[in-house]
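The values are calculated or read from the model by the stated rules, or taken from the named source; none is laboratory data. Note that the structure is predicted; figures quoted are calculated from it, not measured. So basically every Cβ, Gly included, is an ideal-geometry build from the backbone, and we count neighbours across all protein chains shown. Quick note on the areas: whole protein, heavy atoms, side chains included, nothing else; ligands and nucleic acids left out. Shrake-Rupley method; radii C 1.70, N 1.55, O 1.52, S 1.80 Å.
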Amino acid sequence: ETLKTIIPSFAPGYDEAAQDYLYNPAASITSLDELKYVDSDQDGIREKNGQKLELLIYTTDDSSLQKMAELVSADWQAAGIGTKVVVIDLLSLQKIIIPSHNYDAIILGENLGYPPDPYPYFHSSQIENGLNISAYKNLAVDSLLEDERLSIDLSARTEKLKSFSRILAEDLPAIPLVNAPYLYGANISVKGIPKVRIAQNSSDRFLEVGSWYIKSERKSKF
């Protein structure tokens, strides 16, 4: 599922009216031209005032994230932006690269939980030692995320998250790409496994384990 906002469509707080940015290579090229980034030496990379337009992209050694990084890199290169993708293990990314802020972009998965809690990724307190990768700071967003965490009323939390989504879609500190599914296999002999949405932890797949069964017997009616 392609994501329109940080909040996925199945979760409380999703806002259908939030600003959407469709894939538009022509608009990207026009914007770069207007900003005076031009490939004057015809090497495929735009430059301005002698400075090449190049981006350093980090991602983890997860194969699906690597594929996304390759696709994003190809799109940027087609627009004349030089890119270098660096693949690194998740622990090193979290402990070394993110705290250093020595990167231009990071392609990484997020687990917002259910109901969603974007606080670790977008509250300004999480810039130095947290997962606010884009160093995003917006006082209105901080207030919404704090209130959303403190509220025990789902409808109130949902409205706070919708307001958060609208602001984030305008500021765009992060670009949502896809909502990737987790697939779990089960032995064909196991019956009664319902279709459930796993939104918090992988262990959620056992939430309905009480309805699973293997053996059954026919009962005669008298």
Out of region 19-69, which chymotrypsin sites (Phe, Trp or Tyr not before Pro) are coil in DSSP terms and have no more than 14 other C-beta atoms within 10 Å?
TYR21, TYR23
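Count the DSSP beta bridges whose two residues both fall in the chain, then state the antiparallel fraction as a percent rounded to the nearest 5.
On the way: 5 of 15 bridges.
Taking every DSSP beta bridge with both residues in the chain, the antiparallel ones total about 35 percent.
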Could you point to the label whose value was computed as semi-axes √(5λ) of the Cα gyration tensor in Å for the structure here, given (i) 40, 23, 17; (ii) 27, 22, 16; (iii) 77, 12, 12?
(i)
Taking each full run of DSSP H in the chain as one helix, which ones are at least 18 Å long along their axis (Cα atoms) and have mean Kyte-Doolittle hydropathy of at least -0.5?
63-78, 154-171
Tell me, what is the per residue accessible area of the chain in Å², probe radius 1.4 Å?
66 Å²
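From the cross-link list LYS84/LYS137; LYS67/LYS160; LYS48/LYS84, which pairs have alpha carbons spaced over 23 Å apart? Before the final figure, lay out the partial values.
Working: LYS84/LYS137 27 Å; LYS67/LYS160 34 Å; LYS48/LYS84 19 Å.
Flagged as over cut-off: LYS84/LYS137; LYS67/LYS160.
Considering only protein heavy atoms and a probe of 1.4 Å, how much of the accessible area of region 1-149 is carbon and sulfur, as a whole percent?
Numbers: 4340 of 8450 Å².
Ligands and nucleic acids excluded, carbon and sulfur reach 51 percent.
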